[in-house]
Amino acid sequence: MQVKIWSDVRCPFCYIGKKKFEAALEKFPQKDQIEVVWKSFQLDPTLKTDTSLSTLDYFIKTKGVSEEQARQMFSGATQMAKESGINFNLEESIPANSFMAHRLIQLAKSKSLGNQIEEALFKAHFEEAKNIDNIKVLLQVATSIGMNAEEAETMLEADDFAYEVRQDEMEGRNIGVRGVPFFVFDDKYAVSGAQSSEVFLQNLEKSWEEYQKKNNGLEII
């Protein structure tokens, strides 16, 4: 059974949602029969990477909030992440366009490394404050999960997998995805946002039960 996840690697709640979903999956008896399919979705395709700004500065500038308000919001997200085993470094993270990172995700998916690349990119962006719009950084991430550096570099320097990224985004918009993370269970049930592990587990169980009925075929009496 498939679970599709629309996500952006510069979205903090996507990282938290990933961890909460994985915690639910660990409790699910049929976890080995679940195929997780990562789908690309850019929250801000027009964002221009600016290494001179921290994400805190960028947030203050674009959202029109005070520094105190921004720090409070960041603190809340950081605490939520900590509860899921993530050490956020939000204030120092770099506001970076994620399109090139999504292209790398698509290449990794073609090699059955979707989960690994998502985790590595989230970690690079949110914990290590690296620029995920930089080819050198992306190559380090790619090789850290066993991808071929030369193949990844050739792809990143061209326009490969741009079509696949846009197709994922179009598919998401067509089914009503307006924000991420967005989880779709067996093309039937959807969960929006970084919900609790209990919510994810309930949807896994409900979807699996219906999936089994649908695929059992004829009942021989």
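Values quoted throughout were computed directly from the atomic coordinates according to the rules given, and no laboratory measurement underlies them. Remember, it's a predicted structure, so these values are computed and weren't measured experimentally. No Cβ is skipped: glycine too gets one built from the backbone with ideal geometry, and neighbour counts run over all protein chains shown.
Students often forget the sequence filter, so: which aspartates and glutamates lie under 16 Å Cα-Cα from residue 61 once same-chain residues fewer than 8 apart are removed?
Cα-Cα hits under 16 Å: 44, 50, 91, 92.
Taking amide H positions as placed 1.01 Å from N in the peptide plane, with prolines and chain starts having none, which residues 5 or more places from residue 131, or on another chain, fall under 5 Å of its amide H?
When sequence neighbours closer than 5 places are left aside, there are no close amide H contacts.
Exceeding 25 Å between C-alpha atoms, which entries from my cross-link table qualify? They are 20/214; 39/213; 82/206; 48/123; 31/109.
Over 25 Å apart, Cα to Cα: 20/214; 39/213; 82/206.
Per DSSP helix of 4 or more residues, -39500 (n - 2.57); summed, then divided by the residues of the chain. What does that give at 222 nm, rounded to the nearest 500?
Calculated from helices alone, the mean residue ellipticity at 222 nm is -16000 deg cm²/dmol.
Suppose we take every Cα in the range 73-221 and form the convex hull; what volume per residue is that in Å³?
Here the figure is 158 Å³ per residue.
If you place +1 on the Cβ of every Lys and Arg, -1 on the Cβ of every Asp and Glu, and leave all else neutral, what size is the dipole of the range 2-215 about its Cα centre, to the nearest 20 Debye?
Working: 26 positive and 34 negative charges, 106 e Å.
So the magnitude is around 500 debye.
Select from 96, 42, 203 the residue farthest towards the positive end of the dipole of the chain; place +1 on Cβ of Lys and Arg, -1 on Cβ of Asp and Glu, and compute about the Cα centre.
Final value for the positive-end residue is 203.
Shape of the range 1-160 from its Cα gyration tensor (a ≥ b ≥ c, root eigenvalues): rounded if a/c is under 1.5, otherwise prolate when a/b > b/c, or oblate? Let's see the in-between values first.
Details: a/c = 2.08, a/b = 1.19, b/c = 1.75.
Oblate, since a/c reaches 1.5 and b/c is not below a/b.
Kindly identify the range 26-98 as rounded, prolate or oblate by the Cα gyration tensor criterion: order the square roots of the eigenvalues as a ≥ b ≥ c, call it rounded if a/c is under 1.5, otherwise compare a/b with b/c, prolate if a/b is larger, else oblate. Walk me through the numbers before you get to the answer.
Values: a/c = 3.06, a/b = 1.65, b/c = 1.86.
Here the range 26-98 falls in the oblate category.
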